[in-house]
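Only one structure is covered here, and it is reproduced in the block below.
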Amino acid sequence: MPKMKIKKGDQVIILTGDDKGKTGEVLKAMPKLSKVIVSGVNLVKRHTKPSQTSAGGIITKEAAIHVSNVAIVSQGKPSKVGYKEQKGTKVRVARKTGEVIDK
């Protein structure tokens with residue numbers, strides 16, 4: 001299984017599909033499925049039954065997107081993610097700009 005280079009809290013841009021060009025924050029990363037959930041992107045409607053915690057009805061929520069369809073945003077542009085060693089620790093780096101990606 002390949003390692004996912006996009007983590008929870010990253011700012012990403014959508015590369016393909018109906019939401020192409022939209023940006024948002026990664027709410028959840030699912031490495032085993034190679035998918036991410038991005039805030040405000042890939043919205044779907046779900047019919048839910050009422051429960052003790054929530055009223056029933058039609059709820060709009062975000063659906064998962066494959067990680068290959070998103071890219072990290074570095075200085076407003078999409079970029080791939082690489083790794084570099086800095087002061088003895090491994091850090092994520094935007095390949096396009098060389099900027100260190102931290103949360």
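Derivation of every value follows stated rules applied to the coordinates shown; laboratory data play no part. Since the model is a prediction, treat every value here as computed from it, not as a measurement. When we count neighbours, we look across all protein chains shown, and the Cβ atoms used for this are built from the backbone with ideal geometry, even at glycine.
With respect to the cross-link table entries Lys22/Lys87; Lys35/Lys84; Lys28/Lys77; Lys7/Lys45; Lys5/Lys61; Lys61/Lys90, which display a Cα-Cα separation exceeding 32 Å? In this structure, Lys22/Lys87; Lys61/Lys90 exceed 32 Å between Cα atoms.
Each residue of the stretch 63-77 is assigned a 3J(HN,Hα), and the resulting list reads 9, 6, 10, 5, 5, 6, 9, 10, 9, 5, 9, 10, 6, x, 10 Hz, derived from the Karplus form 6.51 cos²θ - 1.76 cosθ + 1.60 (θ = phi - 60°), x at Gly and Pro. What the phi angles of the stretch 39-45 give under the Karplus curve with 6.51, -1.76 and 1.60, with θ = phi - 60°, is a coupling list of 5, x, 10, 6, 6, 10, 9 Hz, glycine and proline written as x.
Taking the structure as given and computing volume of the Cα convex hull per residue in Å³, which label from [x] 97; [y] 185; [z] 130 fits? Correct label, based on the coordinates given: [z].
Might you report the magnitude of the Cβ-based charge dipole of the chain about its Cα centre, with Lys and Arg at +1 and Asp and Glu at -1, to the nearest 20 debye?
Taking the Cα centre of the chain as origin, the dipole is about 320 debye.
With contacts taken as Cα pairs under 8 Å at a separation of at least 6 residues, the chain carries a relative contact order of 21 percent. Amide hydrogen proximity for Lys35: with H placed 1.01 Å from N in the peptide plane, the residues at 5 or more positions away or on another chain lying under 5 Å are Met30, Val67.
Taking Thr53, Thr23, Thr89 as the candidate residues, the one with maximal mean-square fluctuation in a Gaussian network model of the chain, Cα springs under 10 Å, is Thr53.
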